[in-house]
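Asker: Structure provided below as structure tokens; questions to follow.
The values are calculated or read from the model by the stated rules, or taken from the named source; none is laboratory data. Quick caveat: nothing in here was measured; it's all calculated off a predicted structure. Cβ atoms come from the backbone with ideal geometry, glycine included; neighbour counts cover every protein chain shown. With ligands, DNA and RNA removed, areas are computed over all heavy atoms of the protein, side chains included. Shrake-Rupley method; radii C 1.70, N 1.55, O 1.52, S 1.80 Å.
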Amino acid sequence: MTSQRLPEKEDILQARKNEMVRIILIGYMGAGKTTLGKALAKALGFQFVDLDWYIENRYRKSVKEIFSEKGEDGFRKIEQSMLHETAEFENIIISAGGGTPCFFDNISYMNRQAKTVYLKTSNDVLFHRLKIAKSKRPLLAQKTDDELKAFIEKNLEEREPFYSKADYIFSADRLEDKFQIDESVNKLRTLLNI
Ligand code: S3P
């Protein structure tokens, strides 16, 4: 008689992960998590949650206000608890904040709960996108162009080990217009087989 191994908790979670769609997009600020997440959700007919928007809606405050009232530590605690709430939803596309995977055990938690995708972008692309979109981002808002460039380089190097733990890595350099976004959505669907 062959003895069959009983499924372990990890196997059950893995099976559940394959049964329904729950995708978390991670990556640096400006990587296109919101742009691609929204477009992917629309193409699949699923709900989309942007973790920052979810936090802002729940706390009735902007991320910038939360940072200035509670400091980054306070924001990270809120972010973790809102991650735990949203990552229970099913048939959902979630875009995390740029720092979400890099605090607590968040990346392991996300990998258990969902298919995670690291949207990888070159430093140059990030710099050009963030140069015009830094004002709402407390970690970047006050930086000059030179400081921004240097910060992206150093911070991304520190975060890369966390991002690289994602289930999938996807190049998100081409998201500048509708054509490129549609093309990226199709490529991502092929990668994820959905
Ligand atoms: C942060 C990224 C932001 C937001 C906060 C902190 C980070 O989200 O959560 O400003 O630490 O990288 P986006 O990646 O959506 O800009």
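Asker: From the list Leu126, Leu119, which residue is within 26 Å of Ser62 (Cα to Cα) and under 13 Å from the mean Cα position of the chain (by Cα)? Steps first, answer last, please.
Answerer: On the way: Leu126 fails: under 13 Å from the mean Cα position of the chain (by Cα).
None of the other options fit; the residue is Leu119.
Asker: What is the residue count in the range 41-66 for residues that are buried (at least 16 other Cβ atoms within 10 Å of the Cβ) and in contact with a Ser or Thr (Cβ under 9 Å, 6 or more places away or on another chain)?
Answerer: Selection size over the range 41-66: 7.
Asker: Quickly run through the range 97-142 and pick out the residues that are open to solvent by 50 Å² or more (accessible area, probe 1.4 Å) and either under 30 Å from Asn18 (Cα atoms) or within 14 Å of the ligand (Cβ to nearest atom) (or both).
Answerer: Of the range 97-142, the ones open to solvent by 50 Å² or more (accessible area, probe 1.4 Å) are 103-105, 108, 112, 120, 123-124, 128, 131-132, 135-137, 142.
Selection gives Phe103, Phe104, Asp105, Ser108, Arg112, Lys120, Lys131, Ile132, Ser135, Lys136, Arg137, Gln142.
Asker: Tell me whether the range 47-59 contains one or more residues that are more than 11 Å from the ligand (Cβ to nearest atom), without any contact (Cβ under 8 Å) to a residue 24 or more places away in the chain and on the phi < 0 side of the Ramachandran plot.
Answerer: Yes, the range 47-59 contains a residue that is more than 11 Å from the ligand (Cβ to nearest atom), without any contact (Cβ under 8 Å) to a residue 24 or more places away in the chain and on the phi < 0 side of the Ramachandran plot.
Asker: Here is a further query. Of the numbered conditions (1) within 12 Å of the chain's Cα centre (by Cα); (2) away from the ligand (no atom under 11 Å from the Cβ), Ser81 fails exactly one; give the number of that condition.
Answerer: Among (1) within 12 Å of the chain's Cα centre (by Cα); (2) away from the ligand (no atom under 11 Å from the Cβ), Ser81 violates only (1).
This table checks each residue for (1) in a helix (DSSP H, G or I); (2) in contact with a Leu (Cβ under 8 Å, 6 or more places away or on another chain).
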| residue | (1), (2) |
| --- | --- |
| Leu6 | no, no |
| Ile23 | no, yes |
| Lys38 | yes, no |
| Val49 | no, no |
| Trp53 | yes, no |
| Lys61 | no, no |
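Asker: Tell me, yes or no, whether the range 13-21 has at least one residue that is modelled with pLDDT of 95 or more and open to solvent by 10 Å² or more (accessible area, probe 1.4 Å).
Answerer: No: the range 13-21 contains no residue that is modelled with pLDDT of 95 or more and open to solvent by 10 Å² or more (accessible area, probe 1.4 Å).
Asker: If I filter the range 166-194 down to residues being assigned to a loop (DSSP other than H, G, I, E, B) and either touching a Ser or Thr at 6+ places or on another chain (Cβ under 9 Å) or within 25 Å of Ile107 (Cβ to Cβ) (or both), which single residue comes out as most open to solvent (accessible area, probe 1.4 Å)?
Answerer: Asn193
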